[in-house]
Amino acid sequence: MQTKILLDESRIPTHWYNIIPDMPGSLAPVINPRTLQPVTPDDLLPIFPMAIIEQEVSGERWIPIPDEVREIYRLWRPSPLYRARRLEQALGTPAKIYYKYEGVSPAGSHKPNSAIPQAFYNKQAGIRRLATETGAGQWGSSLALACSMFGLECTVYMVKVSCTQKPYRKSMMQLWGANVIPSPSEFTNAGRSILAHDPDSNGSLGIAISEAVEDAASRADTNYALGSVLNHVCLHQTVIGQEAKEQLALAGDYPDVVIACCGGGSNFAGTAFPFLADRAAGKNVRCLAVEPASCPTLTKGVYAFDYGDTAKMAPIAMMYTLGHDFMPPGIHAGGLRYHGESPLVSQLHHAGLIEAKSYRQTACFEAAHLFARSEGIVPAPESSHAVRAAIDEAVIAKEEGKEKTILFCLSGHGQLDMGAYDAYLSGGLEDFEYPEEMIRESLARLPKVDL
Ligand SMILES: *Cc1c(COP(=O)(O)O)cnc(C)c1O
């Protein structure tokens, strides 16, 4: 019996699976925040290449992966599928637990699956330079990697407080040749206006987005790249679920439940969408998105039009949201602190086709601790939410004395998150109550879209 189920490089998927033609109902339009009318390709061309804009709305079910992208995917894809036998033993569960490990990418997470094609399509469109923002640094480092592969310049506006708290991801980005600018900066109008009021501003993801978008919009040779939420990012991530399906088939299994953590929704989408295609064809498979109790977008948010960012510069989308100016508590799973959610994942949840659940961070770190002691790998704090949910599904199977096959996505490793594990081990980890009052206030400020 195999512990790692591996695929040959020739089995790297040749196409991404686009769920748009299989969605329940049509997609809500994306709205321009200035005109409050549907976004047109012309609105997006100053910051995205046409190939990406087309993928955002494509009705094609299968979209070919360019050879140049598959060539770079070979550096870590197909990623391994593990059978978590030692975790099963530790839990004494009759359930089979499998995990798809995305921490084998050079950046240590699933994010390069989208960063590589985004850099490729920009290079192809004659773009010389990409600008982006990063909080804790996972997306910034993935894009820095992708730009170095295609000879593009990369400028990353990194939230200033993260530059000091997470210096090693900054070092990774610099090693891959990126220019890392602490945000707010003097380089943009958005940054200068914040600094004029508050010279010591710690920065925020919203401010960093504004700086990166302004940078890209104001230079013809520069585009912008986003690491989650958008349809094309979910599309690129579907290599995860396609490979996992083939690997499970080799093991003679099929999952009863597919689990992934959910920030903007890209690793969940990538893992679950290929299984949702089976579900639409009549297969009995549950898909479960897991989020932090302190930022409970799918479980406590509303399904409404909202701005993609705090600065109201990003397009307005129909999605589950906690309100664009909701500032989630400072949990360690920085990648799950987004007020909104992928519109595709949101629509599927609204239609009742996927489930969602939330956990507090101490429960997640306890699960990660057990996982590290049985399976060895230290999960990223984001991924620990999926580990928690998988363990709970296995414990339910034990209580009910039922066999069950569980698949979860281990979206990244936590080797650059030792500050968070230090806090957990020293008992310094705080749990935040669901900030109901803050969310209610923020939801009162949703945009009024009247089409
Ligand atoms: C960024 C990140 C996430 C959250 O992003 P999604 O778009 O929801 O997948 C989850 N896990 C890891 C390791 C990340 O870096």
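The values are calculated or read from the model by the stated rules, or taken from the named source; none is laboratory data. Computed from a predicted model, the values in this text were never measured in an experiment. Virtual Cβ from ideal backbone geometry, glycine too; neighbours counted across all protein chains shown. Only protein heavy atoms, including side chains, enter the accessible area calculation; ligands, DNA and RNA are left aside. Shrake-Rupley method; radii C 1.70, N 1.55, O 1.52, S 1.80 Å.
If you project the alpha carbons of segment 352-451 onto the principal axes, what extent comes out on each, in Å, largest first?
52, 37, 23
Taking only the alpha carbons of segment 211-269, what extent do you get along each of the three principal axes, in Å, biggest first?
On the principal axes, segment 211-269 reaches 53, 21, 12 Å in Cα extent.
Per DSSP helix of 4 or more residues, -39500 (n - 2.57); summed, then divided by the residues of the chain. What does that give at 222 nm, rounded to the nearest 500?
Values: 19 runs with 182 residues, N = 451.
The helix-only estimate for the chain comes to -11500 deg cm²/dmol at 222 nm.
Going down the list 96/166; 111/398; 283/398, which pairs span over 31 Å between their C-alpha atoms? Spell out each step's value before the answer.
On the way: 96/166 36 Å; 111/398 34 Å; 283/398 24 Å.
Result: 96/166; 111/398 exceed 31 Å.
Restricting the calculation to Cα positions, tell me the Rg (one decimal) and the Dmax (whole number) of segment 173-312 in Å.
Reported Rg and Dmax, both Å: 19.7, 62.
With the other protein chains left in place, how much accessible area per residue, in square angstrom, belongs to segment 107-146 at a 1.4 angstrom probe?
On a per-residue basis, segment 107-146 sits at 18 Å².
Against the empirical 2.2 N^0.38 Å scaling, what ratio does the C-alpha Rg of segment 367-422 come to?
Values: Rg = 12.3 Å, N = 56, 2.2 N^0.38 = 10.2 Å.
Normalised by 2.2 N^0.38 Å, the Cα Rg of segment 367-422 equals 1.21.
Residues with beta-carbon under 13 Å from that of residue 383, excluding residue 383: net charge, scoring Lys, Arg +1 and Asp, Glu -1? Walk me through the numbers before you get to the answer.
Working: positive: 100, 111, 388; negative: 102, 291, 375, 382, 417.
Overall, the nearby charge balance is -2.
Find out how many positive minus negative residues lie around residue 329, taking Lys and Arg as positive, Asp and Glu as negative, among other residues whose Cβ is under 12 Å from that of residue 329. Let's see the in-between values first.
Working: positive: 337, 360; negative: 430, 431, 433.
Net of charged neighbours comes to -1.
Explain nothing, just the number: dipole magnitude of segment 310-385 about its Cα centre with +1 on each Lys and Arg Cβ and -1 on each Asp and Glu Cβ, in debye rounded to the nearest 20.
In debye, rounded to 20, segment 310-385 gives about 100.
Report in % the part of the accessible area of segment 177-328 that belongs to carbon and sulfur, leaving out ligands and nucleic acids; probe 1.4 Å.
On the way: 2640 of 4840 Å².
Carbon and sulfur: 55 percent of the exposed surface of segment 177-328.
Eigenvalues of the Cα gyration tensor times 5, then square-rooted: what semi-axes does that give for the chain, in whole angstrom, largest first? Mind showing how you got there, number by number?
Details: eigenvalues 202, 118, 102 Å².
Calculated on Cα positions only, the semi-axes equal 32, 24, 23 Å.
With only Lys, Arg, Asp and Glu charged, each at its Cβ (+1 for the first two, -1 for the last two), find how big the charge dipole of the chain is about the Cα centre; round to the nearest 20 debye.
Working: 39 positive and 50 negative charges, 159 e Å.
The calculation lands at about 760 debye.
Which aspartates and glutamates, if any, have their Cα less than 12 Å from the Cα of residue 448, not counting same-chain residues under 8 positions apart?
306
Once the Cβ-Cβ distance between residue 437 and residue 372 is put in as r, and R0 is 51 Å, what FRET efficiency do you end up with, to the nearest 0.05?
Efficiency at R0 = 51 Å is approximately 0.90.
In segment 63-125, what percent of the accessible surface is made up of carbon and sulfur (1.4 Å probe, ligands and nucleic acids excluded)? Present the calculation step by step, with values, prior to reporting the outcome.
Values: 950 of 2060 Å².
C and S fraction of accessible area: 46 percent.
Would you mind listing how long segment 89-163 runs along its three principal axes, going by Cα atoms, in whole Å with the largest first?
Per principal axis, max minus min of the Cα coordinates gives 55, 33, 14 Å.
In Å², and per residue, what accessible area does segment 301-383 have when probed at 1.4 Å with the other protein chains present?
The answer is 32 Å² per residue.
Counting only other residues whose beta carbon sits under 12 Å from that of residue 133, what net charge do I get with K and R as +1, D and E as -1?
In short, -3.
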